[in-house]
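Participant: Structure below; questions to follow.
We did not get these values from a lab; they are worked out from the coordinates using the rules stated. What you are looking at is a predicted structure, and each value in this text was computed from that prediction instead of being measured. Note that we place each Cβ from the backbone using ideal geometry, even for glycine, and neighbour counts take in every protein chain shown.
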């Protein structure tokens, strides 16, 4: 199982980056975890977007789903003709809200591109050889960490969350922890997000072997973030960079 970072920025991308998006692949199965602005362009460097097996959206903040609008065009206007509807898993109500921003015609096109399914906390979804389990975390409105398992390997993507028991429950047992590290240290506790230090604490408590810091506010010093995380976690620390690939073992 391989993880590739397609977008590592929080809220808006700084130069050369994209917002939240992470590709997980094994064999012919390719699952996209979030699809924020700029993600589709990076995805195209690795994979024809029409070859995706499914997309999971962790919550209803636009930096996590904006490029679904572009993806629907890629699916409906593929050179060979419209593709079969792509499975899309997302929180309750989000697909309807996405369509409400469009004209009636465009909303119908969105529905023709995606087969929408509502995520339920703790209810696993089987996609090819993957088992993807959404786990409720503490952010704004309904938000899910996404746990991906395949052949005994386990990845936890925290999505956006404050540090606490909910995200720890999701992270336990993951060999690779893909953790948000949005906040500069001076903002700890002032928003429902984690600092790099809190991400390090989470990795240590969860028993992870590798910590990947992602969803970083553009003003966060990425080198300092790695140092801060390492003060609390003795395993491997990687600061996510667009197009980085990490094998999950």
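Participant: Considering only residues that are without any contact (Cβ under 8 Å) to a residue 60 or more places away in the chain and more than 22 Å from residue 149 (Cβ to Cβ), look in the range 193-212 and name the one that is surrounded by the most Cβ atoms within 10 Å (Cβ to Cβ). Give the steps one after another, and end with the answer.
Facilitator: Restricting attention to the range 193-212, the residues satisfying the condition of being without any contact (Cβ under 8 Å) to a residue 60 or more places away in the chain are 194-211.
In the following step, the residues that additionally are more than 22 Å from residue 149 (Cβ to Cβ) were identified as 194-198, 200-201.
Values: 194: 26, 195: 23, 196: 33, 197: 21, 198: 26, 200: 28, 201: 18.
Filtering the range 193-212 for residues that are without any contact (Cβ under 8 Å) to a residue 60 or more places away in the chain and more than 22 Å from residue 149 (Cβ to Cβ), the one surrounded by the most Cβ atoms within 10 Å (Cβ to Cβ) comes out as 196.
Participant: Continuing with the same structure: In the range 10-123, which strands (runs of 3 or more DSSP E) lie fully inside it and hold 2 or more residues that are surrounded by 15 or more Cβ atoms within 10 Å (Cβ to Cβ) and out of contact with any helix residue (DSSP H, G or I) (no Cβ under 8 Å at 6 or more places or on another chain)? Outline the logic, then answer.
Facilitator: Working: elements: 21-26, 29-33, 54-56, 86-90, 114-118.
Of the strands (runs of 3 or more DSSP E) lying wholly inside the range 10-123, those with at least 2 residues that are surrounded by 15 or more Cβ atoms within 10 Å (Cβ to Cβ) and out of contact with any helix residue (DSSP H, G or I) (no Cβ under 8 Å at 6 or more places or on another chain) span 21-26, 29-33, 54-56, 86-90.
Participant: A further question on this structure: Looking at 152, 173, which one is under 30 Å from residue 27 (Cβ atoms) and free of Cβ contacts under 8 Å to residues at least 12 places away in the same chain?
Facilitator: Working: 173 fails: free of Cβ contacts under 8 Å to residues at least 12 places away in the same chain.
Answer to the selection: 152.
Participant: Among the residues of the range 167-192, write down those that are farther than 16 Å from residue 11 by Cβ and surrounded by 19 or more Cβ atoms within 10 Å (Cβ to Cβ).
Facilitator: Filtering the range 167-192 down to residues farther than 16 Å from residue 11 by Cβ leaves 167-179, 185-186, 188-189.
Across the range 167-192, the qualifying residues are 167, 170, 171, 174, 176, 177, 178, 179.
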